[in-house]
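Only one structure is covered here, and it is reproduced in the block below.
The values are calculated or read from the model by the stated rules, or taken from the named source; none is laboratory data. Quick caveat: nothing in here was measured; it's all calculated off a predicted structure. Here the Cβ positions follow ideal geometry from the backbone for every residue, glycine too, while neighbour counts run over all protein chains shown. SASA here: full protein model, heavy atoms, side chains in, ligands and nucleic acids out. Shrake-Rupley method; radii C 1.70, N 1.55, O 1.52, S 1.80 Å.
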Amino acid sequence: VQLQASGGGLVQPGGSLRLSCAASGGSNAFTVMGWYRQAPGKHRDLVASIVSSGSTNYADAVKGRFTISRDIRKRTMYLQMNSLKPEDTAVYYCNGKRGYASYWGQGTQVTVSS
């Protein structure tokens, strides 16, 4: 199973970006998928997650600004990021869990700066 993250880039404060995470290989859907981010010198933290039922969970720092979603048929997860702030700058990683297995995408850089 491979996860391919895309959609990062440079955006001004207040702007928007949409990240995508496409899964390939394997035949079973993930039970939980999530977006994590890691800023320089900091730990990798959970940003948002979504389970197979569609229930979502968000870090307090992004509630009301970010929206996670998934298209099971396309095997793709998204993170819509609005009202971006400089403190959102980080490498964003997607993750999928299935049973005891955990899979990571390669990361995509998001930079929020004027």
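In the P(r) worked out for the stretch 47-114, what percent of Cα pairs fall beyond 14 Å? Each step should come with its number before you reach the end.
Values: 1466 of 2278 pairs.
Within the stretch 47-114, distances greater than 14 Å cover 64 percent of Cα pairs.
So which aspartates and glutamates pass the test for K85, namely a Cα distance under 18 Å, with those fewer than 8 places away in the same chain ruled out?
Straight-distance partners of K85: D45, D60.
Any idea what the relative contact order of the chain is, in percent, if you count C-alpha pairs under 8 Å spaced at least 6 apart?
It rounds to 37 percent for the chain.
Hey, what's the chain come to in accessible area per residue, 1.4 Å probe, Å²?
54 Å²
Carbon and sulfur: what percent of the chain's accessible surface (1.4 Å probe)?
The computed percentage sits at 48.
Assuming R0 = 41 Å, what is the FRET efficiency of V1 and N82, from their Cβ-Cβ distance, to the nearest 0.05?
Plugging the Cβ-Cβ distance into 1/(1 + (r/R0)^6) gives 0.85.
Dipole size in debye (nearest 20) for the stretch 1-69 around its Cα centre, Lys and Arg Cβ +1, Asp and Glu Cβ -1?
120 debye
Could you work out how far apart the two model spin labels at S113 and T56 are, taking each label as a point 7 Å from the Cα in the direction of the beta carbon, and quote it in nm?
If labels sit at S113 and T56, their model points lie 2.9 nm apart.
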